[in-house]
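A quick write-up on the structure given underneath.
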Amino acid sequence: PKHTVIKYPYSVDEQKEYILNKVNQSKVSFEEILKEATEKIHLIFNFLAILDLLQAELITLKIGEGYNNFWILRK
């Protein structure tokens with residue numbers, strides 16, 4: 001078997017910083033974060049960054065009605 005390592009142009013730490021910068025301005029909807037992702041792997045990095053920020057208690061989520069209807073807020 002041959003394994004290939006791919007270096008992506010973004011990291012979880014970079015995405016955490018990006019999300020914190022967006023949240024400093026105002027609340028951000030999860031769908032807005034989804035729309036800004038250029039590819040699926042970018043979306044995964046964003047999702048992991050959100051989970052890290054939640055665990056560190058730097059952000060919080062406000063849940064609305066319906067599917068994927070929540071906002072990310074600075075704690």
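The figures follow:
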{"quantity": "Complete set of residues in region 24-75 that are in a helix (DSSP H, G or I) and in contact with a helix residue (DSSP H, G or I) (Cβ under 7 Å, 6 or more places away or on another chain)", "calculated": "I33, L34, L43, F45, N46, L48, A49, I50, D52, L53"}
{"quantity": "Per-region count, region 54-68, residues open to solvent by less than 50 Å² (accessible area, probe 1.4 Å) and farther than 19 Å from N21 by Cβ", "calculated": "2"}
{"quantity": "Qualifying residue in region 45-53 (condition: free of Cβ contacts under 8 Å to residues at least 40 places away in the same chain, under 10 Å from the mean Cα position of the chain (by Cα), over 21 Å from I63 (Cα atoms) and surrounded by 15 or more Cβ atoms within 10 Å (Cβ to Cβ))", "calculated": "yes"}
{"quantity": "Residue selected from region 1-18 under the condition outside any helix (DSSP H, G or I) and in contact (Cβ under 8 Å) with a residue 24 or more places away in the chain, by the criterion surrounded by the most Cβ atoms within 10 Å (Cβ to Cβ)", "calculated": "Y10"}
{"quantity": "Region 28-44 - residue that is farther than 15 Å from N68 by Cβ and touching a residue at least 24 places away in the same chain (Cβ under 8 Å) and, of those, least open to solvent (accessible area, probe 1.4 Å)", "calculated": "H42"}
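The values are calculated or read from the model by the stated rules, or taken from the named source; none is laboratory data. What you see is a predicted model; the values in this text were computed from it and never measured. Please note: Cβ atoms are built from the backbone with ideal geometry, for glycine as well, and neighbour counts cover all protein chains shown. Note: accessible area is taken over every heavy atom of the protein model, side chains too, but ligands, DNA and RNA are not part of it. Shrake-Rupley method; radii C 1.70, N 1.55, O 1.52, S 1.80 Å.
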